[in-house]
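The values are calculated or read from the model by the stated rules, or taken from the named source; none is laboratory data. Only a predicted model underlies this, so the values are computations on that prediction, with no experimental measurement involved. Cβ placement follows ideal geometry from the backbone for every residue including glycine, while neighbour counts extend to all protein chains displayed.
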Amino acid sequence: MIQRLKSFLARAEKGEELTVAFLGGSITQGSLASTPETCYAYRVYEWFRNTYPQSAFHYVNGGIGGTNSHYGVSRAVTDVLMYQPDLCIIDFSVNDVTGSEGFDLTGAAQDDFFAETYEGTIRRLLAWPSAPAVLLLCNIQYSDGMTMEDTHVRIAKHYGIPYTSIRDSIYRDLKSGHYALSDISPDGLHPNTHGHALIAEEIIRKVQEIAQMPSAPIPDTLPDPVTLNRFEDAERLTIRNACPRLEGFHADTREKTKLLDHFKNGWIGRRTGDAIHFDLPDIRTLAVQYRKGIHHPACVARLTLDGAKTLVLDGNFEEDWGDCLYLDDILHDTVPGHHTLDIEVTGDSDGNALPFYLMSLIVS
């Protein structure tokens, strides 16, 4: 798929109108950059504008902090692909390290899970009608070297997708003493403005390297998946496309107005006993997305799948960086089946708790 990027650059040379999109977590969103225009994504977009002034470029930033590729594949259409991008740059290599909640996946099982959600994201992008070029960014946690790069690169190589490794560039220079940690990141994870500039330079260097490669035909079809590929068609169920039975819960009537206007289009439960019931035919996977809030106390709920499996959904977030778009993985089956899901508020601190906010179900 390197040839898609070659084709994108050829179109830029000709002066075509092109859209550059980014999909990822907080680093892509621009966390700790001094301004939105100094994050790595905007810097790369700006480089394209300056390098190919004969073309008109459009910028789409689909970065959302604290999110992994499972959420990424479910929102790829609404946050990136609906804009018909010509180039997509993806990064979930840090956030996929955090693990899958609900199932408590670790080790090889976690690698397999995120290999599958990441492959689903890539296949969804590559199969989109605008046939975007795809470039992967593999970020790293600077403080301890944690990254899902090896797993993500294994998927990338299967599809012939180019990638930029921060482990083999900026992190390598950090470990050799060329940079101090404070030079590039104040918290050991998110780059500062200088760190964002360095990441942009690495992406631009990869693009320039590919520009010098010989051209070849673009493959007509995608290779077979390397995983079970259950997530390629994942979708989010919200008040826009689902009608559960409500007993005390109510649909949020406020309109979502922008990408980072997170807690909209969901369902709200305020009191002990408030419940919501979903009937879910023909699904293989299921995850529940809800708010974990920094303002305590928050409501606690109990999830029941098929009248048997239960899980506590605690709306209290133990970190302080902001309300979390928490994702609990509930179901991983190999064949589609019919399932029921019930969520009931079980604790509201005598009516004084932050309401339970159910953002969505993610199903495939």
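Some notes on this structure:
- The listed residue being surrounded by 12 or more Cβ atoms within 10 Å (Cβ to Cβ) and either within 20 Å of the chain's Cα centre (by Cα) or not assigned by TED's automatic domain parsing to the domain that holds LYS157 (or both), out of ILE184, ILE204, ILE218: ILE218
- Sole exception among (1) in contact (Cβ under 8 Å) with a residue 24 or more places away in the chain; (2) among the basic types (Lys, Arg); (3) part of a loop (DSSP other than H, G, I, E, B); (4) assigned by TED's automatic domain parsing to the domain that holds ASP350 for ARG291, by number: (3)
- Here the strands (runs of 3 or more DSSP E) wholly within the range 148-258 that include at least 1 residues being over 19 Å from GLY72 (Cα atoms) are 163-165, 245-247.
- Test for LEU189: is it within 30 Å of PHE48 (Cα to Cα) and not hydroxyl-bearing (Ser, Thr, Tyr): yes
- Exclusive hit being touching a residue at least 40 places away in the same chain (Cβ under 8 Å) and out of contact with any Ser or Thr (no Cβ under 8 Å at 6 or more places or on another chain), set ILE239, ILE210, ILE218, ILE203: ILE210
- Among the residues of the range 129-160, those identified as more than 17 Å from the chain's Cα centre (by Cα) and closer than 19 Å to ASP86 by Cα are PRO129, SER130, ALA131, PRO132, ALA133, TYR159, GLY160.
- The range 79-96, subset aliphatic (A, V, I, L, M) and part of a loop (DSSP other than H, G, I, E, B), residue nearest to ILE199 (Cα to Cα): VAL94
- Residue check for ASP233: in contact with a strand residue (DSSP E or B) (Cβ under 9 Å, 6 or more places away or on another chain) and of a type in the set (D, E, K, R): no
- Qualifying residue in the range 60-68 (condition: in contact with a Pro (Cβ under 7 Å, 6 or more places away or on another chain) and assigned by TED's automatic domain parsing to the domain that holds ASP96): yes
- Elements of type helices (runs of 4 or more DSSP H) contained in the range 1-73, each with 2 or more residues being hydrophobic (A, V, I, L, M, F, W, C): 2-14, 40-51
- Number of positions in the range 315-345 that are crowded, with 17+ Cβ neighbours inside 10 Å and either out of contact with any strand residue (DSSP E or B) (no Cβ under 7 Å at 6 or more places or on another chain) or not in a loop (DSSP other than H, G, I, E, B) (or both): 15
- The listed residue being farther than 27 Å from ASN61 by Cβ and out of contact with any Pro (no Cβ under 8 Å at 6 or more places or on another chain), out of GLU255, GLU202, GLU247, GLU209: GLU247
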